[in-house]
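Remarks on the structure that follows.
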Amino acid sequence: MWNSFFGLEMGRRAMDYFRRGMETAGHNISNADVEGYSRQRVEASTTSPFTNPALNRPNIPGQVGTGVQIDAIVRLRDAFLDIQYREEMTVKGYWEQIQNALSTVEVYVNEPAGAGLKTALDTYWSSLQELSKRPDDSAVREDMVEKTKNLTVYLGQLVRNYDEYRTALNRDIKLMVDEANTLIDQIAGLNTTIKQVQGVGGNPNDLMDKRDVLVDKLSKLIDISVNPPCLEGDGEFKIDLGGKLLVQGDQTRHLVAVPVAGNTGFFDVQVEDNLFDHVSNPSVLFATIEQGAPEAIHTVNVQRLASESAWSVGYGESACPDRIKPETMTEALNLRGTFTLQVGSQGTRSVSSVLTGGIALPSGIPGESHSFRVSAGSFEREISVTWNAGTGTWDLSDGVNAASSAGADLTLTDLQGFLSTSFGGEISVTLNGAGTQMTFSSTLNHLLSITDVKGGLVSALGMENSAPSVSIEVVEEDTLETIKNKINSAFSDASNGLTKPENWLHASIELDAATNTYFLTLKSNAAGEAHRINVLGDENGSLQIAKRLGFLNGDGSTNYREYARDAAFTFDGKLYLSESNMVRNARRVPVLNDYSASTLEEVSPGIRMELRAVGESDITVRHHVKGGAIRGALEARDDIILDFLDVLDEMAYGLVKEMNALHYGGYGVGESETTTGVAYFNPIAVRYGASRLLEINRAIDEDRSLIAAASGDGNGFSNGSGDGSNALRMAQLKQTKVLQSRSADFNEFYESFIASLGAQGDRAKTMLKNQNALINQINNQRQSVMGVNIDEEMMDIIKFQQAFNAIARYITTVDEMLDRIINGMGIVGR
């Protein structure tokens, strides 16, 4: 049975409970405005009643309550709302970074209200239009140069701003990584203390609140998942990032800012103990990997690098022995005849038509002969097919290997047998099973060029080069300069079918220092194998003029001064060609059985490569951070800004290519009235990085008379200094669709860039606004659970105060009863 002091113990317990309740309410009120504080409540329950059922149970009616006990002081929190809040904070951190980046980029562009690149473009076109009206006005020419410089300065400054902002973002990423690592360490430290408190039976509510605040901050930086002890069998508090543990109890893994060589040393963010190299063999290639690139492992095999140069033809060490050697550029050459120029190729494979019976040429007539030239890379061979009336057969020769004879009919089988020997493995020649169709293939995946030199055998085979060809007529009075002018002016002649700068070339005159004589050189307007220069003869196949000018050697081979070479590489087994070693887009070979290698496509979404050497390398695309502010900063740095730089590169490259092609064919004024072939801008070989290289030609900057406003008369002379027709053609580029696969003009292209920038900025602002609204809603729901309500706490204080007073009165009453028993009983009647 219980003793007489039972009531005092029950009162003590109650007083302790009510006191703890008031203290907890006061603690809540004290922390009402503290970030992340969760209100606390005292959980109480009745103590075990007296007595439990048993055989020796006292004979008393029912069970007698023994009072109250404190089970725990708990914090009120909704785990589901916490998970939602952290997920949305991750999204908010991402959109904040994207919105900040786009806002900064918009400031750099300064459109449409400010005087930015758009204004510089407009004034540039206006100065060209004014030049077309007053081509001989020196003030107009001066204004033209200055407006061009304004354009290059604006574009150059915009690119530098982008580059500097990328560098600033890279620094911010490193700072955010350091911040995340600090939070990780602090969370792990709190885990240790919390575990110690819990180990001695404590309830570390305030410490867990601090930990949750740190976790909320970390969730804004990266896309973490939190596994509280209630969800884990081992009782450890864990934080992971994409399956990689960052925190487990007091153990941590840090984020690591890993420099990526292919991305100018900018950081990729990876998890400690899970580090990897994006490129397995950096000596073969570098790679810049955008955050939007799908995760995968790619294999790249680089077969050769690109020369990043244009084709060049002219005098060399093996020049034609009977070449002309004028001592001045104005010396008449006393030549009459024609030569033909063509720029283009057919692809890595060329297939003939299906020929009846496999007969390429039927029996010939006396004197009939054909010759054609086959080129691939630095290999070139001219094949002659001549009718031998004496033997009644076709004779085949290439000037290098032993001649061969075919039958009365030249069959594809005869031709294939001879060509296989002549080409010596450089070019593969195969027939179909019926022997009625022949295929030429470059064994090293170079682009083929197959052209008729004399006769029409290639045309009969259906393998002719479809690129436009232009005949240049030479008369006795022509000088090197007039011939050069005729070549350069051909691009402006609509009848020649030259619609793109890459379809043509430009000529210049150089001095042979060894003999102190001058010679002509030809150079294609665009870099890469696809723009091979083919030098042919007149309509009868005579190569005499081309040889005398030094374009061909004595044996008829092309006198190349420089070979253009495309990069060739396989990406996941698919073959690509590229005129540049900086690769994002390349020409697939084949595409739907098309071996022309003429269509650009993105090699792999989000991957940019810099080919550095022949060899093989893997590219690993893996993103440890897939959300949060760090992901947003990485995406702004590597996706958004690089895409904008691509736009500026395309615009600069297109402007240089189109302007120079027209300017090459125009004439200057004054002492430069007979001069053509001068570039207006410094030539840029490839698109990548073009916006950093846009500069006016130094020669024009120093001599305004070289601005080629006038057109030619077709005979190698200018229409006069008052002619501004060529300037008008250049001004009309403003409305000419030459960009985006010839679907947009320069102003439309830049305006679409501004529109895209504005649309992306608006989307980021809207997404951030929506995200803030969502987070506020979730946080309001969280606060309804964990937040402190002052009125509610005051009501609790009053409740506990009144209860405390009541139990105090109860204890006083019990004390009086005990006093009566102890001091008053047994003394009656004394």
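The values are calculated or read from the model by the stated rules, or taken from the named source; none is laboratory data. Remember, predicted model here, so these are calculated numbers, not experimental data. Heads up, the Cβs are rebuilt from the backbone with ideal geometry, glycines too, and the neighbour counts pull from every protein chain shown.
Being assigned to a loop (DSSP other than H, G, I, E, B) and either assigned by TED's automatic domain parsing to the domain that holds VAL453 or among the hydroxyl-bearing types (Ser, Thr, Tyr) (or both) is the filter here, so list the residues in the stretch 509-562 that pass it.
THR515, SER542, SER557
Here is a list: GLY344, GLY262, GLY314. Which entry is in contact with a Gly (Cβ under 7 Å, 6 or more places away or on another chain), more than 15 Å from HIS624 (Cα to Cα) and touching a residue at least 40 places away in the same chain (Cβ under 8 Å)?
GLY314
Can you confirm whether GLU635 is surrounded by fewer than 24 Cβ atoms within 10 Å (Cβ to Cβ), part of a helix (DSSP H, G or I) and of a type outside the set (Ser, Thr, Tyr)?
Yes.
Return the total of residues in the stretch 383-405 being among the small types (Gly, Ala, Ser) and within 55 Å of the chain's Cα centre (by Cα). Write out each step before concluding.
The initial filter retains those residues of the stretch 383-405 that are among the small types (Gly, Ala, Ser), namely 384, 389-390, 392, 397, 399, 402-405.
Filter once more, keeping what is within 55 Å of the chain's Cα centre (by Cα): 384, 397, 399, 402-404.
Matching residues across the stretch 383-405 total 6.
Just one of the numbered conditions (1) of a type outside the set (Ser, Thr, Tyr); (2) in contact (Cβ under 8 Å) with a residue 40 or more places away in the chain; (3) part of a helix (DSSP H, G or I); (4) closer than 30 Å to ILE472 by Cβ is not true of ALA652; which one?
With respect to (1) of a type outside the set (Ser, Thr, Tyr); (2) in contact (Cβ under 8 Å) with a residue 40 or more places away in the chain; (3) part of a helix (DSSP H, G or I); (4) closer than 30 Å to ILE472 by Cβ, ALA652 is out only on (4).
Surrounded by fewer than 17 Cβ atoms within 10 Å (Cβ to Cβ), touching a helix residue (DSSP H, G or I) at 6+ places or on another chain (Cβ under 8 Å), under 20 Å from ALA661 (Cβ atoms) and not polar (S, T, N, Q): does that describe GLY714?
On the way: surrounded by fewer than 17 Cβ atoms within 10 Å (Cβ to Cβ): yes; touching a helix residue (DSSP H, G or I) at 6+ places or on another chain (Cβ under 8 Å): yes; under 20 Å from ALA661 (Cβ atoms): yes; not polar (S, T, N, Q): yes.
For GLY714, the condition - surrounded by fewer than 17 Cβ atoms within 10 Å (Cβ to Cβ), touching a helix residue (DSSP H, G or I) at 6+ places or on another chain (Cβ under 8 Å), under 20 Å from ALA661 (Cβ atoms) and not polar (S, T, N, Q) - is met.
Just to check your reading of the model, which residue among GLY156, GLY202 is within 25 Å of ARG77 (Cα to Cα) and either at pLDDT 90 or above or out of contact with any strand residue (DSSP E or B) (no Cβ under 8 Å at 6 or more places or on another chain) (or both)?
Values: GLY156 fails: within 25 Å of ARG77 (Cα to Cα).
Testing whether each residue is within 25 Å of ARG77 (Cα to Cα) and either at pLDDT 90 or above or out of contact with any strand residue (DSSP E or B) (no Cβ under 8 Å at 6 or more places or on another chain) (or both) leaves just GLY202.
Look through the stretch 168-193, keep the residues that are more than 19 Å from ASP223 (Cβ to Cβ) and without any contact (Cβ under 8 Å) to a residue 40 or more places away in the chain, and return whichever of them is surrounded by the most Cβ atoms within 10 Å (Cβ to Cβ).
LEU190
How many residues does the stretch 272-292 contain that are in contact with a Lys or Arg (Cβ under 9 Å, 6 or more places away or on another chain) and either within 24 Å of ILE640 (Cβ to Cβ) or surrounded by 19 or more Cβ atoms within 10 Å (Cβ to Cβ) (or both)?
Residues of the stretch 272-292 that are in contact with a Lys or Arg (Cβ under 9 Å, 6 or more places away or on another chain), as a first pass: 272-274, 276, 278, 282-291.
Imposing the further condition that a residue be either within 24 Å of ILE640 (Cβ to Cβ) or surrounded by 19 or more Cβ atoms within 10 Å (Cβ to Cβ) (or both) reduces the set to 278, 284-291.
Total satisfying the criteria: 9.
Would you please name the residue that is nearest to ASN585 (Cα to Cα), looking only at residues in the stretch 260-284 that are among the aromatic types (Phe, Trp, Tyr) and assigned to a loop (DSSP other than H, G, I, E, B)?
Restricting to residues being among the aromatic types (Phe, Trp, Tyr) and assigned to a loop (DSSP other than H, G, I, E, B), the top hit is PHE266.
For GLY390, indicate whether it is in the same structural domain as SER459 (by TED's automatic domain parsing), surrounded by fewer than 19 Cβ atoms within 10 Å (Cβ to Cβ), without any contact (Cβ under 8 Å) to a residue 12 or more places away in the chain and not in a strand (DSSP E or B). Even if it seems obvious, please write down each step before you answer.
Values: in the same structural domain as SER459 (by TED's automatic domain parsing): yes; surrounded by fewer than 19 Cβ atoms within 10 Å (Cβ to Cβ): yes; without any contact (Cβ under 8 Å) to a residue 12 or more places away in the chain: yes; not in a strand (DSSP E or B): yes.
Yes; evaluated as a whole, the condition is true for this residue.
Given the criterion within 30 Å of ALA567 (Cβ to Cβ) and without any contact (Cβ under 8 Å) to a residue 40 or more places away in the chain, identify the matching residue among ILE383, ILE365. Show your work before the answer.
Numbers: ILE365 fails: within 30 Å of ALA567 (Cβ to Cβ).
Step by step, each of ILE383, ILE365 is checked, and only ILE383 is within 30 Å of ALA567 (Cβ to Cβ) and without any contact (Cβ under 8 Å) to a residue 40 or more places away in the chain.
Out of (1) in contact with a strand residue (DSSP E or B) (Cβ under 6 Å, 6 or more places away or on another chain); (2) over 24 Å from ARG565 (Cα atoms); (3) not in a strand (DSSP E or B), the odd one out for ASP395 is which?
Here ASP395 meets the rest and fails (3).
I'd like the full set of residues that are outside any loop (DSSP other than H, G, I, E, B), of a type in the set (Gly, Ala, Ser) and within 15 Å of GLU382 (Cβ to Cβ), limited to the stretch 423-453.
In the first step, residues of the stretch 423-453 are kept if they are outside any loop (DSSP other than H, G, I, E, B); the result is 423, 427-431, 438-442, 448-453.
Then keep just the ones that are of a type in the set (Gly, Ala, Ser); that gives 428, 441-442, 449.
Within the stretch 423-453, just SER449 meets the criteria.
Inside the stretch 659-680, can you point out the residues that are touching a Phe, Trp or Tyr at 6+ places or on another chain (Cβ under 8 Å), assigned to a loop (DSSP other than H, G, I, E, B) and hydroxyl-bearing (Ser, Thr, Tyr)?
Within the stretch 659-680, THR674, THR675, THR676 qualify.
Residue-wise test of (1) among the β-branched types (Val, Ile, Thr); (2) modelled with pLDDT of 95 or more; (3) in a helix (DSSP H, G or I); (4) farther than 15 Å from MET89 by Cβ.
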position	(1), (2), (3), (4)
GLN781	no, no, yes, no
ILE798	yes, no, yes, yes
GLN801	no, no, yes, yes
PHE804	no, no, yes, yes
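Which ones in the stretch 66-91 are touching a Ser or Thr at 6+ places or on another chain (Cβ under 7 Å) and free of Cβ contacts under 8 Å to residues at least 40 places away in the same chain? Quick ask: steps written out before the conclusion?
So the first thing to find is which residues in the stretch 66-91 are touching a Ser or Thr at 6+ places or on another chain (Cβ under 7 Å), and the list is 66-69, 71, 73, 75-77, 86, 89-90.
Across the stretch 66-91, the qualifying residue is only ASP71.
Do you know which residues across the stretch 563-588 are basic (Lys, Arg) and not in a strand (DSSP E or B)? Don't jump to the end; show me each part of the working.
Going residue by residue through the stretch 563-588, those that are basic (Lys, Arg) are 565, 574, 584, 587-588.
Once the filter is applied, which keeps residues that are basic (Lys, Arg) and not in a strand (DSSP E or B), the stretch 563-588 yields ARG565, ARG584.
Of everything in the stretch 398-413 that's part of a strand (DSSP E or B) and either modelled with pLDDT of 90 or more or not assigned by TED's automatic domain parsing to the domain that holds LEU361 (or both), which residue is surrounded by the most Cβ atoms within 10 Å (Cβ to Cβ)?
Quick first cut of the stretch 398-413, residues part of a strand (DSSP E or B) only: 404-405, 410-411.
Next, only the ones that are either modelled with pLDDT of 90 or more or not assigned by TED's automatic domain parsing to the domain that holds LEU361 (or both) stay: 410-411.
Numbers: LEU410: 26, THR411: 20.
Top of the filtered list is LEU410.
Would you tally the residues in the stretch 770-790 being surrounded by fewer than 16 Cβ atoms within 10 Å (Cβ to Cβ) and over 21 Å from ARG41 (Cβ atoms)?
6
Kindly provide the set of residues from the stretch 597-632 that are basic (Lys, Arg) and assigned to a strand (DSSP E or B), ordered by number. Let's see the steps before the verdict.
Pass one, the stretch 597-632, residues basic (Lys, Arg): 608, 612, 622, 626, 631.
Result: ARG608, single match.
Name the residues in the stretch 111-125 that are touching a helix residue (DSSP H, G or I) at 6+ places or on another chain (Cβ under 8 Å) and either over 16 Å from GLU748 (Cα atoms) or not in a helix (DSSP H, G or I) (or both), would you?
The answer is GLU111, PRO112, GLY116.
Every residue, every condition in (1) more than 25 Å from SER225 (Cα to Cα); (2) among the basic types (Lys, Arg), yes or no:
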residue	(1), (2)
GLN129	yes, no
ALA139	yes, no
LYS147	yes, yes
ASN191	no, no
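Specify which of the listed residues (ALA257, ALA287) is assigned to a strand (DSSP E or B) and touching a His at 6+ places or on another chain (Cβ under 6 Å). I'd like the intermediate steps shown before the answer.
Values: ALA257 fails: touching a His at 6+ places or on another chain (Cβ under 6 Å).
Result of the check over ALA257, ALA287: ALA287.
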